[in-house]
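Everything on this sheet refers to the single structure shown next.
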Amino acid sequence: MLAEIKGLNEECGIFGVWGHSDAAQLTYYGLHALQHRGQEGTGIVVSDGHTLKGVKGEGLVTEIFTAEQMAQLTGTNAIGHVRYATAGGGGYENVQPLLFHSQTGSLALAHNGNLVNANSLKHQLEGQGSIFQTSSDSEVLAHLIRRSGFTHMSDKVKNALSMLKGAYAYLIMTETELMVALDPHGLRPLSLGCLGDAYVVASETCAFDVIGAEYIRDIEPGELLIISERGLVSEQFAVSSTKAICMMEYVYFSRPDSNIQGVNVHTARKNMGKRLAVEAPIEADVVTGVPDSSISAAIGYAEASGIPYEMGLIKNKYVGRTFIQPSQSLREQGVKMKLSPVRGVVEGKRVIMVDDSIVRGTTSRRIVSLLKEAGATEVHVVISSPPIKNPCFYGIDTSSKEELIAADKTVEEIRQIIGADSLTFLSLEGMLAALGQTEAVNGFCLGCFTGNYPTEIYPDTLQYYYQRG
Ligand code: SF4
């Protein structure tokens with residue numbers, strides 16, 4: 001994926017196991033399968049029923065956990081996390097799972113998403129004496145649980161969750177329980193599976209496949225699952241309002257081999273490509289996709305248009321993360337290092353280049369220019385989602401509004417900037433139809449496309465997003 005240079009980053013992936021002798025090892029494999037959701041930090045916390053202990057660090061799953069450390073992580077229950085830092089920034093202390101010890105017991109938590117009322121809750125909690133260990137929004141939940149007046153842990157957690165607003169898939173582990181919670185809109189994907197008698201939970205089902213676990217079902221919006229020696233109990237901590245799973249999970253973030261809400265991600269993307277071929281018929285010689293996330297849509301476009309799919313771009317898999325720098329000039333260099341045009345495929349050809357989205361426009365401009373330098377006579381850019389005009393407040397780093405090229409530019413203006421011979425975006429209706437939906441209100445968050453968000457956005461959150469451009 002070109003996330004690092006495109007300016008579109010997922011914020012986290014979570015994985016948990018309850019009741020398996022290889023809990024930490026399974027979590028390692030699960031996190032490895034979820035690595036695309038965050039590459040800046042990772043951690044595992046394990047429980048043996050008496051104590052919680054963990055290992056975490058800044059880097060990739062394969063870089064952080066040594067064989068010696070894994071051998072120390074003994075216990076039958078574990079949670080893990082991969083992180084891409086936006087809210088609260090990077091740094092070792094923000095790497096999750098967060099682990100808290102107190103006289104009454106220990107608590108570990110892993111969070112995927114972003115709380116839109118974190119700042120006001122933090123302000124309130126600090127006023128009551130809380131001292132935060134991290135600058136991440138995720139920690140707020142631990143303080144709310146600790147301060148809850150209820151006796152039983154599950155009641156404390158439900159009480160704390162009811163105060164959160166925004167996107168959250170949380171794994172909360174104590175010595176005796178694993179709790180799994182999803183926000184009332186179900187903004188982030190979260191699935192439950194089993195491996196023999198053990199339960200597993202993951203941000204994406206691709207993590208089940210890698211460990212041979214069986215998918216059971218998706219966690220419902222507003223649901224709290226409590227897994228313990230007594231088995232699995234499901235409760236609603238909030239009334240599920242409008243279901244609003246992030247559309248970008250289908251368009252870009254999730255792995256093609258994952259299923260979300262029963263829909264395979266590759267198939268959804270392929271359908272988006274097919275719709276695009278109907279909405280944007282173009283006379284051309286070859287169709288190519290920007291690897292990796294746009295290949296499914298490109299295959300769909302080729303299939304529906306009858307124009308052959310070719311591998312016109314290849315990705316260099318061996319570019320280290322250290323080469324990815326945030327400045328504009330280095331971002332452009334980053335595109336060149338990551339992608340190469342296949343001259344033998346594109347030379348003298350009219351090329352349809354399928355991409356999943358345009359964020360800043362920098363990446364698209366560089367790819368169009370790479371294809372033209374390699375001899376493409378025409379480059380038609382087709383995008384398998386509508387223009388991203390608004391920021392995301394729910395854990396996707398879509399950059400500030402000022403950086404989004406579609407926020408204040410027409411399609412023709414964007415076409416000119418990226419140097420394409422034509423530019424077409426998939427319509428909102430086409431994108432929904434690709435997922436078998438006919439109405440824009442049916443089950444998805446479309447905030448970054450439409451500006452209509454499923455939750456209230458708090459003034460301090462707005463200020464943060466509009467100032468950081
Ligand atoms: S605003 Fe966009 S990226 Fe954010 S959750 Fe909604 S659909 Fe996903």
Pro386 passes all but one of the listed conditions (1) in contact (Cβ under 8 Å) with a residue 24 or more places away in the chain; (2) assigned to a loop (DSSP other than H, G, I, E, B); (3) away from the ligand (no atom under 16 Å from the Cβ); the exception is number (3)
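List the helices (runs of 4 or more DSSP H) that sit entirely inside the range 395-468 and contain at least 2 residues that are within 12 Å of the ligand (Cβ to nearest atom) and either surrounded by 14 or more Cβ atoms within 10 Å (Cβ to Cβ) or modelled with pLDDT under 95 (or both).
Details: elements: 411-418, 428-434, 447-450, 459-467.
The qualifying helices (runs of 4 or more DSSP H) are 428-434, 447-450.
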Kindly provide the set of residues from the range 20-36 that are in contact with a helix residue (DSSP H, G or I) (Cβ under 7 Å, 6 or more places away or on another chain) and not aromatic (Phe, Trp, Tyr), ordered by number. His20, Ala24, Gln25, Leu26, Gly30, Leu31, His32, Ala33, Leu34, Gln35
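Yes/no per residue for (1) within 14 Å of the ligand (Cβ to nearest atom); (2) part of a helix (DSSP H, G or I); (3) of a type in the set (A, V, I, L, M):
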site: Leu224; (1), (2), (3): no, no, yes
site: Ser234; (1), (2), (3): no, no, no
site: Tyr250; (1), (2), (3): yes, yes, no
site: Lys270; (1), (2), (3): no, yes, no
site: Leu276; (1), (2), (3): no, yes, yes
Being in a loop (DSSP other than H, G, I, E, B), more than 16 Å from the ligand (Cβ to nearest atom) and surrounded by 18 or more Cβ atoms within 10 Å (Cβ to Cβ) narrows it down to one of Ala207, Ala238, Ala181, so name that one. Ala238
Looking only at residues that are on the phi < 0 side of the Ramachandran plot, part of a loop (DSSP other than H, G, I, E, B) and not hydrophobic (A, V, I, L, M, F, W, C) in the range 50-83, which one is farthest from the chain's Cα centre (by Cα)? His50
Search the range 104-120 for residues that are at negative phi and pair each with any residue that is of a type in the set (Asp, Glu) and crowded, with 20+ Cβ neighbours inside 10 Å when their beta-carbon atoms are under 7 Å apart and the residues are at least 6 apart or on different chains. Asn112/Glu11; Asn114/Glu11; Asn114/Asp137; Leu115/Asp137; Ala118/Asp137
Condition met for Arg188 (free of Cβ contacts under 8 Å to residues at least 12 places away in the same chain and on the phi < 0 side of the Ramachandran plot): no
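Which one of Asn94, Asn77 is farther than 19 Å from Val200 by Cα, crowded, with 22+ Cβ neighbours inside 10 Å and either touching a residue at least 60 places away in the same chain (Cβ under 8 Å) or touching a Gly at 6+ places or on another chain (Cβ under 8 Å) (or both)? Spell out how you get there, then give the answer.
Details: Asn77 fails: farther than 19 Å from Val200 by Cα.
Being farther than 19 Å from Val200 by Cα, crowded, with 22+ Cβ neighbours inside 10 Å and either touching a residue at least 60 places away in the same chain (Cβ under 8 Å) or touching a Gly at 6+ places or on another chain (Cβ under 8 Å) (or both) holds for just one of Asn94, Asn77, which is Asn94.
Has the range 240-258 got at least one residue that is without any contact (Cβ under 8 Å) to a residue 40 or more places away in the chain and under 27 Å from Ile307 (Cα atoms)? Step through it out loud before you land on a result.
First, the residues of the range 240-258 that are without any contact (Cβ under 8 Å) to a residue 40 or more places away in the chain: none.
Checking the range 240-258: not a single residue is without any contact (Cβ under 8 Å) to a residue 40 or more places away in the chain and under 27 Å from Ile307 (Cα atoms).
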Qualifying residues in the range 11-36 (those that are small (Gly, Ala, Ser) and within 16 Å of Ser191 (Cβ to Cβ)) - the one surrounded by the fewest Cβ atoms within 10 Å (Cβ to Cβ): Ala33
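The values are calculated or read from the model by the stated rules, or taken from the named source; none is laboratory data. Values in this document were obtained by computation on a predicted structure and should not be read as measured data. Positions of Cβ are generated from backbone atoms using ideal geometry, with glycine treated the same way; all protein chains shown enter the neighbour counts.
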